[in-house]
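Engineer: Starting off with a structure, shown below.
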Amino acid sequence: QVDRGLLRKAKKMLATKQTFGEEGQYTPLGWFAGTDNLDMCTALLACGAEVDELTTEHRRAPLRLACEAGHEHIALLLINHGCDIHRVDEDGGFPLIIACENGRAGVVALLVEKGAKIDQASSEGATPLFFACQNGHVKAATLLVDKGAKIEQANNNGTTPLFIACQE
C-alpha cells in the first residue's frame, strides 16, 4: 500500500514534468532511484512514471542510476515493473557493467538472477567481468565466474579479464 501523501506528490511531479538536479537533468524516477528513496519510486511507478525514462543529461535510465549507487531494492522494484535490464546508454554502459564497475555485488547477483547477460560486452568489447577485475571488485568478479562468465573473453584490444586480474 502506497502512502496517499506520496501518491499526491508523485502525481504532481509527473503532471508538472518536475525535474531534479542542479540543471534539472533528472526525471523524478531517476532522481529517487539514485538517491535511494524506495517509497517515492513506488509512488511514482504507481502513478504511471515511465520505468525506463532517461535523464536529460547523459540519457541514463533509472535502473542504471540504482545500479551505480548500489540500491538493490530499488533495482528489484524497477525490474519487477518491467525495465530493460540490458539497456545500453549513450556512453555504452548498461546495468550489469555499471554494477560491476562500482563493486555492487548485491546488485550484480540480482541482475544475474533476473537474466542479465553475463558476457554482454561494451562497445569496446569489455565484459562485466572485465570491469569487475579492472576495478578490483573481487566479490562481483567471483560471482560472475561462478555463474559461468568467460575469463578469456578479450576486449577490442585483446585484453582478457584474466589478464587484468593477474595485473591487480
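The values are calculated or read from the model by the stated rules, or taken from the named source; none is laboratory data. Just so it is clear, the structure is predicted and the values come from calculations on it, not from any experiment. Counting neighbours? That spans all protein chains shown, and the Cβs are built from the backbone with ideal geometry, glycine included. Surface accessibility is based on the protein's heavy atoms, side chains included, excluding ligands, DNA and RNA. Shrake-Rupley method; radii C 1.70, N 1.55, O 1.52, S 1.80 Å.
Engineer: Show the residue pairs meeting these rules: Cβ distance below 6 Å; 6+ apart or different chains; first residue within segment 121-150 and assigned to a helix (DSSP H, G or I); second residue open to solvent by 20 Å² or more (accessible area, probe 1.4 Å) and among the acidic types (Asp, Glu).
Structural biologist: PHE131/GLU101
Engineer: Could I ask something else about it? Limited to segment 1-40, what total is found for residues that are open to solvent by 70 Å² or more (accessible area, probe 1.4 Å) and over 23 Å from ALA69 (Cα atoms)?
Structural biologist: Of the residues in segment 1-40, 10 are open to solvent by 70 Å² or more (accessible area, probe 1.4 Å) and over 23 Å from ALA69 (Cα atoms).
Engineer: Just one of (1) out of contact with any Gly (no Cβ under 7 Å at 6 or more places or on another chain); (2) farther than 25 Å from GLY24 by Cα; (3) not polar (S, T, N, Q) trips up PHE94, so point out which.
Structural biologist: Result: PHE94 fails condition (2) only.
Engineer: Considering each residue of segment 58-87, count those that are within 18 Å of TYR26 (Cα to Cα) and of a type in the set (A, V, I, L, M), and give that number.
Structural biologist: Going through segment 58-87 one residue at a time, the tally reaches 8.
Engineer: I've got another one for you. Could you tell me whether CYS67 is in contact (Cβ under 8 Å) with a residue 40 or more places away in the chain, within 21 Å of ASP36 (Cβ to Cβ) and under 12 Å from the mean Cα position of the chain (by Cα)? Full working, then the answer.
Structural biologist: On the way: in contact (Cβ under 8 Å) with a residue 40 or more places away in the chain: yes; within 21 Å of ASP36 (Cβ to Cβ): yes; under 12 Å from the mean Cα position of the chain (by Cα): yes.
Here the answer is yes, as CYS67 does meet what is asked.
Engineer: Mind listing whichever residues of segment 104-139 are over 19 Å from THR159 (Cβ atoms) and either among the basic types (Lys, Arg) or surrounded by fewer than 19 Cβ atoms within 10 Å (Cβ to Cβ) (or both)?
Structural biologist: Of segment 104-139, the ones over 19 Å from THR159 (Cβ atoms) are 104-117, 139.
Answer for segment 104-139, where residues must be over 19 Å from THR159 (Cβ atoms) and either among the basic types (Lys, Arg) or surrounded by fewer than 19 Cβ atoms within 10 Å (Cβ to Cβ) (or both): ARG104, GLY106, ALA109, GLU113, LYS114, GLY115, LYS117, LYS139.
Engineer: Can you run down the residue pairs with Cβ atoms below 7 Å, 6 or more apart or on separate chains, where the first is in segment 40-58 and aromatic (Phe, Trp, Tyr) and the partner is surrounded by 17 or more Cβ atoms within 10 Å (Cβ to Cβ)?
Structural biologist: Once the first residue is aromatic (Phe, Trp, Tyr) and sits in segment 40-58, no partner that is surrounded by 17 or more Cβ atoms within 10 Å (Cβ to Cβ) comes close enough.
Engineer: Answer yes or no as to whether ILE164 is assigned to a loop (DSSP other than H, G, I, E, B), among the β-branched types (Val, Ile, Thr) and either touching a residue at least 12 places away in the same chain (Cβ under 8 Å) or touching a Leu at 6+ places or on another chain (Cβ under 6 Å) (or both).
Structural biologist: Judged against the criteria, ILE164 is not a match.
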